[in-house]
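**Q** First the structure, then my questions, so here it is.
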Amino acid sequence: MAYTDRLAWENLRSVDSATFTGVYVKLGTPLAHPSYILKLVNNSTSLVTVSVDGVNDMDVAPANAFFLYDESKVGQASGRPALPQGSQIWVKGSAGTGLVYLVTQYVIQG
C-alpha cells in the first residue's frame, strides 16, 4: 500500500504587538483544518500570553521566541487531532514592536 497522506499549511496568521492593550486578541482566524503541528513565533519585544479560549492563560512566549506544539502524537494515539478545526488562538501582552505569528500544518488524507 502506498502512503498517500500529505502535509499542508494554512495561511500565515499574525497580529502586531503595537495593538496589544493587556487583553486577549485573536491571532488571526480560527483554524480551517485540524492542526497537527502548530508554531507560535513571538517576533516582538513583548512577553506574550497564549490562550485557546480568550480567557484562561495557557502558555507564555517570551519576546523573540517561538514554540512548536506537536499534536501529531496525540492525534496518532487517539485518531483525532489535538487541536480541532475551528479552534481559535488568542494572545495578549503589553504594546511593543514586532509581530506575533501563528503557523499551522494539517494532514490531507489521500
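The values are calculated or read from the model by the stated rules, or taken from the named source; none is laboratory data. Note that this is a predicted model, so its numbers are computed, not measured. So basically every Cβ, Gly included, is an ideal-geometry build from the backbone, and we count neighbours across all protein chains shown. The accessibility values were calculated without ligands, DNA or RNA, using every heavy atom of the protein model including side chains. Shrake-Rupley method; radii C 1.70, N 1.55, O 1.52, S 1.80 Å.
**Q** Determine whether the range 24-31 contains at least one residue that is touching a helix residue (DSSP H, G or I) at 6+ places or on another chain (Cβ under 7 Å) and of a type in the set (Ser, Thr, Tyr).
**A** Among the residues of the range 24-31, not one is touching a helix residue (DSSP H, G or I) at 6+ places or on another chain (Cβ under 7 Å) and of a type in the set (Ser, Thr, Tyr), which makes the answer no.
**Q** Also, quick follow-up: Which of the numbered conditions does Leu7 fail, given that it passes all the others? Conditions: (1) within 21 Å of Asp70 (Cβ to Cβ); (2) part of a helix (DSSP H, G or I); (3) among the aliphatic types (A, V, I, L, M).
**A** The failed condition is (2).
**Q** Within the range 1-17, work out how many residues are open to solvent by 40 Å² or more (accessible area, probe 1.4 Å) and under 17 Å from Gln85 (Cβ atoms).
**A** At the first step, the residues of the range 1-17 found to be open to solvent by 40 Å² or more (accessible area, probe 1.4 Å) are 1-7, 9, 11-12, 14, 16.
In the following step, the residues that additionally are under 17 Å from Gln85 (Cβ atoms) were identified as 5, 7, 9, 11.
Looking only at that region, the number is 4.
**Q** Give me the residue from the range 69-97 that is modelled with pLDDT of 90 or more and surrounded by fewer than 17 Cβ atoms within 10 Å (Cβ to Cβ) and, out of that set, nearest to Val25 (Cα to Cα).
**A** Step one: filter the range 69-97 for residues modelled with pLDDT of 90 or more, giving 85-97.
From what's left, surrounded by fewer than 17 Cβ atoms within 10 Å (Cβ to Cβ): 85-88, 94-95, 97.
Values: Gln85: 19, Gly86: 16, Ser87: 14, Gln88: 10, Ser94: 12, Ala95: 12, Thr97: 16 Å.
Out of the qualifying residues, it is Gln88.
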